[in-house]
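Everything on this sheet refers to the single structure shown next.
What follows is calculated from the coordinates using simple rules that are stated; it is not laboratory data. Because the structure is predicted, anything quoted here is derived from the model rather than measured. With ideal geometry, Cβ positions are generated from the backbone for all residues, glycine too; neighbour counts draw on all protein chains shown.
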Amino acid sequence: MLAGTDLVLHLHIKKHGLRKFLATGMRTCTCPESTARPLRSGALPRGRAGEGRLGRFDPRTGDQQMTDRIIAESVSESTIQAPLTAIDLTEWVFTLTDSEYQACSKNHIAGATTLTPEGKRTSINVEHVGNLMVQHYVEDVAERNHCRLVSLSDSIGPEIGARVKLVVIWEFSAEAIDAGMTNFINKVEVRTAPGYLEALEERGVPFAVASEAAQKALSAHNAEETPLFARDIERKARASRWG
C-alpha cells in the first residue's frame, strides 16, 4: 500500500477512539474527502478518492481494460524560466540520470531507463512515498509538451515482506505563459491493482483510511519534487539541450 497500513490503523484508532474501532469492527470510517485539485481538461477522467470506475490502461499490455479505484491524486505546478519551444518533456524524462533524479527529492532513491520487450521506453524510479515504491513507468503519450507514463508499481511496507501492486499514472505537461516563460504541470494518480483491496481487508484497514494516508504522502511528495523537476528542465532548456 502507498502508506503503511499499520500506521493508518494506528491513526484511525487515535482519531476515532478504541471504543468506536471495536464497535464497528473497522468496517466504517468518517474521513475527509481528498483535497487534491482536479486535473485540467485533456487529462485522465477524475473522480473522488475511492470512487469505483473503469480504468483506461493496462500497463502490462497497453490494453484499456483495467478496473480499479482511485486511491490518491495530486497536481502541482511550477514556472520554468524558458520558452515552451525550448522544452522536450519526453526526452527530458527518458534521459534523466540517476543523480539528477535523486536531486529532485530527498525521497528519490534511484532512477534509470530501459525498454519493454515491445520496445516502449520505460522509466524505472525507486522512491519513498509513504511506502517504498518501485515504479515501472511505460510511455503512453510521448510528445514534446505532454507526456503520460503508466506503471504497475510495487509498494513495499511497512514490513519488508509486505508487498502489493498499484497502478500509478504520472502525467506532466508544459504550457506557454509568454514568449520566455512556461508553466510545468505535474500530475500523479494512484489506483488499486488486483490484490490491493484484499491486502487491506487482511489487515483490517478500511479503504478510506488508507486513501487518506496515501493522499497526504502523495501531496507532500508532489509539492517537493515539482519545482525541482522544473529547475532541472529549465537548466537544460536554457542550455539548448533539445534545440
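Just one of R191, R144, R163, R121 is within 16 Å of F229 (Cα to Cα), surrounded by 15 or more Cβ atoms within 10 Å (Cβ to Cβ) and either in contact with an Asp or Glu (Cβ under 7 Å, 6 or more places away or on another chain) or not hydrophobic (A, V, I, L, M, F, W, C) (or both); which is it? Steps first, answer last, please.
Numbers: R191 fails: within 16 Å of F229 (Cα to Cα); R163 fails: within 16 Å of F229 (Cα to Cα); R121 fails: within 16 Å of F229 (Cα to Cα).
Sole residue among the options that is within 16 Å of F229 (Cα to Cα), surrounded by 15 or more Cβ atoms within 10 Å (Cβ to Cβ) and either in contact with an Asp or Glu (Cβ under 7 Å, 6 or more places away or on another chain) or not hydrophobic (A, V, I, L, M, F, W, C) (or both): R144.
Test S105 against the stated conditions and say whether it is closer than 20 Å to S211 by Cβ, buried (at least 18 other Cβ atoms within 10 Å of the Cβ) and not aliphatic (A, V, I, L, M).
no
Can you name every residue in the range 99-118 that is without any contact (Cβ under 8 Å) to a residue 24 or more places away in the chain and in a helix (DSSP H, G or I)?
Across the range 99-118, the qualifying residues are S99, Q102.
Looking at the range 212-229, is at least one residue surrounded by 22 or more Cβ atoms within 10 Å (Cβ to Cβ), in contact (Cβ under 8 Å) with a residue 12 or more places away in the chain and aromatic (F, W, Y)?
There is at least one residue in the range 212-229 that is surrounded by 22 or more Cβ atoms within 10 Å (Cβ to Cβ), in contact (Cβ under 8 Å) with a residue 12 or more places away in the chain and aromatic (F, W, Y).
How many residues does the range 89-110 hold that are closer than 15 Å to E234 by Cα and in contact with a His (Cβ under 6 Å, 6 or more places away or on another chain)? Walk me through how you get there before you give the answer.
The first filter runs over the range 89-110 and keeps only residues closer than 15 Å to E234 by Cα, leaving 89-93, 95-96, 100-101, 103-104.
Filter again for in contact with a His (Cβ under 6 Å, 6 or more places away or on another chain), leaving 101.
Looking only at that region, the number is 1.
Take the range 122-136 and flag every residue that is closer than 16 Å to D98 by Cβ and either β-branched (V, I, T) or in contact with a Phe, Trp or Tyr (Cβ under 6 Å, 6 or more places away or on another chain) (or both).
Scanning the range 122-136 gives T122, S123, I124, V126, V134.
Could you list all residues from the range 108-122 that are touching a helix residue (DSSP H, G or I) at 6+ places or on another chain (Cβ under 9 Å) and closer than 12 Å to D140 by Cβ?
Of all residues in the range 108-122, those touching a helix residue (DSSP H, G or I) at 6+ places or on another chain (Cβ under 9 Å) come to 108-113, 121-122.
Hits for the range 108-122 are R121, T122.
Which one of the conditions (1) out of contact with any Lys or Arg (no Cβ under 9 Å at 6 or more places or on another chain); (2) surrounded by 21 or more Cβ atoms within 10 Å (Cβ to Cβ); (3) more than 23 Å from S211 (Cβ to Cβ); (4) touching a residue at least 40 places away in the same chain (Cβ under 8 Å) does A176 fail to meet, given that it meets all the rest?
Going through the list (1) out of contact with any Lys or Arg (no Cβ under 9 Å at 6 or more places or on another chain); (2) surrounded by 21 or more Cβ atoms within 10 Å (Cβ to Cβ); (3) more than 23 Å from S211 (Cβ to Cβ); (4) touching a residue at least 40 places away in the same chain (Cβ under 8 Å), A176 breaks only (2).
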